[in-house]
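Only one structure is covered here, and it is reproduced in the block below.
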């Protein structure tokens, strides 16, 4: 069985195609590992292999773990919230359906921060996920269950969503690869919405090749999401071995002391820059003058959109209802007041306030203008550079409970990831080494729809770094 | 700075019932967070257009052709109180002032 665990998802697919591996055996291998998971990474695990295993199709039957907030027909889809406890949707999200049609059946649903609001997975109504590298520490969030499951080898690969870093940051803290695609690349249909102008689905995988393979079968225009687009060009398996001629920019604002980048993280980041140079890349500092304000803009825009999106949870059409014996407004207030967790309520309050009469221009309006400036900063930087690189997270996995009392400190987790989200551009995090035994993530970002270039560069770096994630797979 | 009355006003707008300790906590936390965010007000953003959507998308309308929707009984299966083919809700009660 350890043999199967050593295979990446793409390698497992190759073996199935070659007739050397039965997809049902692979499914059962991971199903039993997921069922025995001790990290609280899952909110639901399949009880049996699907009748049609999926071999003969591009993903060959290699099963996928899916973040709880993706609607999956007949399967609990709760966004890790009490307000949606045991909600079983009547339809399946487009990306999950795309993957199933490409031959990746549903293995499990993964734990997350409630409605994807959080950076530590401590905001789940179903308990925190533990980091497989050190169980006293958080896996990051909000796609913490997906990251932990892949790192621990209880899923071959997984998908998550990224609004301000929710794929990249947990990928970094768990030592796996996480990619946030260009906004619009993947359909948002059936993703329980957090912030509609920012939310994007993406892969969390063991390596860059797996990320490319999974992403290739997620993207595409969907008639159910008018913001989705046909992905220009294809997404092929990355092959680059060198970075000759690639100009990497290092934004001073995101790599200096302002974001509180830990010394151990900075050390691994610098070592990775040297490797990139050895592979032929040129490295120069660059400026994103408005990036330090991205966090403030993000934490006004995202909660504002969330306050509108989460209005639908009102005890009428699905989910929890409390106070049904009272009048209608009391029922709304009791259902929402007790059904949402503390961070979700905080963000609904923040967003409602930012949109309320008399404050709209000062908060939401200003944040949207900052968003314009951030997009312009990136556009200017990409005139000189092919890709920009930063640490994914200013620090490595922190101890459970160590930041829960200070919302602002928790929000700083996203310092290096929110600028790309606001600009809608793609970014990937790859593990680049360890700091005191904990994984460090290296983030590469490129212009809109430059996923192929990003994946190629990440692939070349990944080979040079040769990160060993096997110690987390016990 | 948000005081108790403002927190209650916003909670009412958001249809959220908050307990007394939650009101206190919310006032303190939101004040701290907003104070931090107010730094963006120092930027010179005169004449800068707002961005609400980052990817250029045009002609998103699909042909207006009728198609089957989910059967009512399937949709109502998730409802807390299905009632005569619709969603049952408590009485709206007295109109708000």
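The values are calculated or read from the model by the stated rules, or taken from the named source; none is laboratory data. This structure is a prediction, so every number in the text was calculated from the model and none was measured. No Cβ is skipped: glycine too gets one built from the backbone with ideal geometry, and neighbour counts run over all protein chains shown.
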* Asked: Going by the conditions given, is residue A:394 assigned to a loop (DSSP other than H, G, I, E, B) and touching a residue at least 12 places away in the same chain (Cβ under 8 Å)?
  -> yes
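Residue-by-condition table, conditions (1) at pLDDT 95 or above; (2) closer than 23 Å to residue A:65 by Cα:
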residue: A:197; (1), (2): yes, no
residue: A:208; (1), (2): yes, yes
residue: A:211; (1), (2): yes, yes
residue: A:220; (1), (2): yes, yes
residue: A:223; (1), (2): no, no
residue: A:226; (1), (2): no, no
residue: A:230; (1), (2): no, no
residue: A:234; (1), (2): no, no
residue: A:237; (1), (2): yes, yes
* Structure fact -> Only one of B:72, B:79 is surrounded by 10 or more Cβ atoms within 10 Å (Cβ to Cβ) and more than 8 Å from chain A (Cβ to nearest Cβ), namely B:72
* To do: Output yes when any residue across segment B:38-48 is more than 8 Å from chain A (Cβ to nearest Cβ) and under 30 Å from residue A:449 (Cβ atoms), and no when none is.
  => yes
* To do: Being surrounded by fewer than 24 Cβ atoms within 10 Å (Cβ to Cβ) and either touching a residue at least 60 places away in the same chain (Cβ under 8 Å) or within 22 Å of the chain's Cα centre (by Cα) (or both) is the filter; apply it to segment A:74-87 and report the residue that is nearest to residue A:19 (Cα to Cα).
  => A:75
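Could you pull out every one of the helices (runs of 4 or more DSSP H) wholly within chain B that has 1 or more residues that are free of Cβ contacts under 8 Å to residues at least 60 places away in the same chain, closer than 22 Å to residue A:354 by Cβ and out of contact with any helix residue (DSSP H, G or I) (no Cβ under 8 Å at 6 or more places or on another chain)?
Details: elements: B:4-13, B:20-37, B:72-76.
Filter on chain B gives B:4-13, B:20-37.
Taking the options A:378, A:415, name whichever one is buried (at least 23 other Cβ atoms within 10 Å of the Cβ), within 14 Å of chain B (Cβ to nearest Cβ) and more than 20 Å from residue B:33 (Cβ to Cβ). Spell out the reasoning first.
Details: A:415 fails: more than 20 Å from residue B:33 (Cβ to Cβ).
The conditions single out A:378.
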* To do: Taking residue A:63 as meeting all but one of (1) within 14 Å of another protein chain (Cβ to nearest Cβ); (2) touching a strand residue (DSSP E or B) at 6+ places or on another chain (Cβ under 8 Å); (3) in contact (Cβ under 8 Å) with a residue 24 or more places away in the chain, write down the number of the exception.
  => (1)
* So residue A:195, is it over 19 Å from the mean Cα position of the chain (by Cα), in contact (Cβ under 8 Å) with a residue 24 or more places away in the chain and part of a loop (DSSP other than H, G, I, E, B) -> no
* Could you check how many residues of segment A:202-216 are in a helix (DSSP H, G or I) and within 13 Å of the chain's Cα centre (by Cα)? => 2
* Tally, over segment A:276-305, of residues that are in a loop (DSSP other than H, G, I, E, B), touching a helix residue (DSSP H, G or I) at 6+ places or on another chain (Cβ under 7 Å) and crowded, with 21+ Cβ neighbours inside 10 Å -> 2
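Yes or no, residue by residue, for (1) buried (at least 24 other Cβ atoms within 10 Å of the Cβ); (2) part of a strand (DSSP E or B); (3) touching a helix residue (DSSP H, G or I) at 6+ places or on another chain (Cβ under 8 Å):
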site: A:24; (1), (2), (3): no, no, no
site: A:32; (1), (2), (3): no, no, no
site: A:50; (1), (2), (3): no, no, yes
site: A:66; (1), (2), (3): yes, yes, yes
site: A:89; (1), (2), (3): no, no, no
site: A:115; (1), (2), (3): yes, no, yes
* To do: Considering (1) within 7 Å of another protein chain (Cβ to nearest Cβ); (2) surrounded by 12 or more Cβ atoms within 10 Å (Cβ to Cβ), say which one residue B:91 fails and leave the rest.
  => (2)
* Structure fact -> Residue hits (segment A:217-232; within 14 Å of chain B (Cβ to nearest Cβ) and part of a loop (DSSP other than H, G, I, E, B)) are A:219, A:221, A:223, A:224, A:226, A:227, A:228, A:229, A:230, A:231, A:232
* Structure fact -> Scanning segment A:233-275 residue by residue, those crowded, with 21+ Cβ neighbours inside 10 Å, assigned to a helix (DSSP H, G or I) and in contact with a helix residue (DSSP H, G or I) (Cβ under 6 Å, 6 or more places away or on another chain) turn out to be A:253, A:254
* Structure fact -> residue A:346: passes all of (1) more than 22 Å from the chain's Cα centre (by Cα); (2) surrounded by fewer than 22 Cβ atoms within 10 Å (Cβ to Cβ); (3) facing chain B (nearest Cβ under 9 Å) but (1)
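Do we find a residue being within 14 Å of chain B (Cβ to nearest Cβ), surrounded by 24 or more Cβ atoms within 10 Å (Cβ to Cβ) and either modelled with pLDDT of 95 or more or not in a loop (DSSP other than H, G, I, E, B) (or both) anywhere in segment A:431-448?
Step one: list which residues in segment A:431-448 are within 14 Å of chain B (Cβ to nearest Cβ), which gives A:445, A:447-448.
This time we only want the ones that are surrounded by 24 or more Cβ atoms within 10 Å (Cβ to Cβ), so: A:445.
From what's left, either modelled with pLDDT of 95 or more or not in a loop (DSSP other than H, G, I, E, B) (or both): A:445.
Checking segment A:431-448: at least one residue is within 14 Å of chain B (Cβ to nearest Cβ), surrounded by 24 or more Cβ atoms within 10 Å (Cβ to Cβ) and either modelled with pLDDT of 95 or more or not in a loop (DSSP other than H, G, I, E, B) (or both).
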* Asked: Looking at (1) closer than 23 Å to residue A:329 by Cα; (2) surrounded by 12 or more Cβ atoms within 10 Å (Cβ to Cβ); (3) more than 9 Å from chain A (Cβ to nearest Cβ), which is the only condition residue B:26 fails?
  -> (3)
* Asked: Within segment A:306-328, which residues are more than 7 Å from chain B (Cβ to nearest Cβ), surrounded by fewer than 24 Cβ atoms within 10 Å (Cβ to Cβ) and assigned to a helix (DSSP H, G or I)?
  -> A:308, A:309, A:311, A:312
* Selection from segment A:450-474 of residues that are within 14 Å of chain B (Cβ to nearest Cβ) and either at pLDDT below 95 or surrounded by fewer than 19 Cβ atoms within 10 Å (Cβ to Cβ) (or both) -> none
